[in-house]
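Nothing in this text is a laboratory measurement; each read-out follows from the coordinates by a stated rule. Just so it is clear, the structure is predicted and the values come from calculations on it, not from any experiment. Cβ: placed from backbone, ideal geometry, glycine included. Neighbour counts: every protein chain shown.
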Amino acid sequence: MITIKEYVMPKNIDKAYEYLISKKNSMIFGGGAFIRMGSKNIALGIDLSKANLRYINEQDNEIEIGAMATFGDIERSEILKRFSGGILSIAIKDIVGIQLRNIVTLGGTVYSRYGFSDLITALLALDAKVKLYKGGVRTLEEFLENGSKSKDILEKVIISKTDGFSVFKSMRNSKGDYAILNLAISKVDGKYRIAIGARPQRAIISSQAMDFLNKNQINDKAIEKASNILASETVFGSNPRGSSKYRHEISKVLFKRAIEEVMANEN
Ligand SMILES: Cc1cc2nc3c(=O)[nH]c(=O)nc-3n(C[C@H](O)[C@H](O)[C@H](O)COP(=O)(O)OP(=O)(O)OC[C@H]3O[C@@H](n4cnc5c(N)ncnc54)[C@H](O)[C@@H]3O)c2cc1C
């Protein structure tokens, strides 16, 4: 059961942060969908829904997605559908159902660095940055690795508006389940970037496979070699959804499907 002693809805992020550090047991609420699944005593619940963080803005060189943008907002955004093969909309469109996607937020997802996340894997392939209220702008890659040193609030995610194409693939037992594995590839200015997640640990970059792709002519042989490099450089774990051995094999399949789709887009 969750008990919340006091609940506030600050009008801006400055006030939200003030509240956050005012009590030991304070907690930020995004959509609240994940919080409600646990059991907690919360001294101060800080609901961000009135803090003007629900937006998707396109600027000359960047797209900014506010922390309170829901998965539904991302899925339906014309800006994001047009961007890089619509990877962000595609990565989340099958998560559970419309009602849940209209509740869960970008901020709750990215700040929590969930290993199973589909959105994080897609954002990592796009080399996104995060802006934390106190911690400033950091690459998502570094944030995933190190997290936040102190209590903070994720304000937005920033994506460079590059000309490129990206593909997201996942393997699930059933549509509403968490992914057994997910993988995303982006190609920008002739360079590939590969992210792999739900290992089931959090998403990482497949640097050796990427390096190989970026230095070699891409043909069937090279794809086969890159898939083996990717599978052997990645640490996979086991959980009730799949064993590390299964994930190792599936990674090669997802990689091949994704790279072939990226290449098909060029022809
Ligand atoms: C039943 C169910 C099934 C799901 N299936 C999938 C799936 O298949 N694939 C997938 O990718 N995801 C899945 N998710 C996860 C979902 O996509 C969200 O990642 C998750 O619910 C968190 O978003 P939220 O807005 O609900 O966060 P909340 O529940 O509001 O918060 C989660 C945590 O993040 C903190 N937080 C929230 N917002 C911020 C912020 N702006 N700054 C700092 N901290 C913050 C909270 O304090 C809390 O600790 C599922 C979730 C549920 C409930």
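Extent of the chain along each principal axis, from alpha carbon coordinates, in Å, largest to smallest?
That works out to 60, 44, 34 Å along the principal axes.
Straight-line reach from Lys161: which lysines fall under 22 Å, measuring Cα to Cα and dropping same-chain residues less than 8 apart?
The qualifying lysines are Lys81, Lys93, Lys129, Lys131, Lys169, Lys187, Lys191.
From the Cα gyration tensor of the range 2-47, with a ≥ b ≥ c the square roots of its eigenvalues, which class applies: rounded if a/c is under 1.5, or else prolate if a/b is larger than b/c, or else oblate?
Details: a/c = 2.34, a/b = 1.47, b/c = 1.59.
Note, shape of the range 2-47 comes out oblate.
Each label point is 7 Å from the Cα along the Cα-to-Cβ direction; what then is the distance between the points at Asn25 and Thr162, in nm?
Going from the Asn25 label point to the Thr162 one covers 4.6 nm.
Give me the extension gain from Asn216 to Val235: residue separation times 0.36 nm, minus the current Cα-Cα distance, reported in nm with one decimal.
On the way: separation 19, 0.36 × 19 = 6.84 nm, distance 2.42 nm.
Answer, rounded to one decimal: 4.4 nm.
Helix 13-22: angle to the longest alpha-carbon principal axis of the chain, degrees 0 to 90, nearest 10?
Value to nearest ten degrees: 70.
Once phi is turned into θ = phi - 60°, what whole-Hz ³J(HN,Hα) does the Karplus curve with 6.51, -1.76 and 1.60 give for every residue of the range 162-170, x standing for Gly and Pro?
8, 7, x, 9, 9, 9, 10, 9, 9
Can you give the calculated 222 nm mean residue ellipticity of the chain, where each DSSP H run of n ≥ 4 adds -39,500 (n - 2.57) and the sum is split over every residue, rounded to the nearest 500 deg cm²/dmol? Write out the running numbers ahead of the final one.
Working: 11 runs with 99 residues, N = 267.
After summing the helix terms and dividing by residue count, I get -10500 deg cm²/dmol.
Under 16 Å from the 7 Å Cα→Cβ point of Ala264, by amide nitrogen: which residues of the range 192-232?
Answer for the range 192-232: 220.
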